[in-house]
1. Report, in listed order, any pair from K49/K106; K49/K95; K56/K95; K51/K88 with a Cα-Cα distance greater than 18 Å.
2. With label points built 7 Å along Cα→Cβ from the Cα atoms of L63 and A98, find their separation and express it in nm.
3. So for the pair T110, S39, with labels modelled 7 Å out along Cα→Cβ, what separation do we get in nm?
4. Spin-label point model (7 Å from Cα, Cβ direction): what's the A76 to C53 distance in nm?
Amino acid sequence: MLAAIGLSACLSCESGEKTQHHVDTDSGKKGPTAEITNSVDGQAVFEDKCKVCHGKDGGAERLGAADLTVSTLDHAAIVAVIKTGRKKMPEFASKLSAEEIEAVAKYVRTLRK
Ligand code: HEC
């Protein structure tokens, strides 16, 4: 209700009440930002959560991390490792959404040589 009024006010006038418009613009951003989670950037997730051990290209083996460039796991197995963790690798089921896990699992396979 409020958002609808704000939006139509924004569309119908260009000048005046700058502060009011600024608030409308910010709240309007919630739509597009929320949609981004529907198409998660697997690379961004990897660089945020996995790079620390696996390295940017997946080939680093910090803390005994598996070399992802030579990994032969299929998608389901990668998803399982990410969800439950293995040895020094922590589980990510409680830290990433299902979509993020799917996206980063896909990205992991692109790291293969
Ligand atoms: C704290 C360090 C650490 C982090 C962070 C980490 N890993 Fe790992 N990862 C490991 C270790 C250690 C292993 C090897 C486990 C073993 O030897 O069984 C591993 C193994 C794997 C494997 C199995 C590869 C294979 O062929 O057996 C995959 C896939 C993987 N990690 C993906 C990821 C992804 C994706 C992320 C980020 C969401 C991630 N890892 C974050 C340490 C880490």
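1. From the list (K49/K106; K49/K95; K56/K95; K51/K88), the Cα-Cα distance tops 18 Å for K56/K95.
2. Distance between the two pseudo-spin positions: 2.7 nm.
3. About 1.3 nm, to one decimal.
4. Taking the simple label geometry, A76 and C53 are separated by 2.4 nm.
All of the numbers you see were taken from the coordinates with simple rules; none came from a lab. Predicted model, so just to flag it, every value in this text is computed and none were measured. Please note: Cβ atoms are built from the backbone with ideal geometry, for glycine as well, and neighbour counts cover all protein chains shown.
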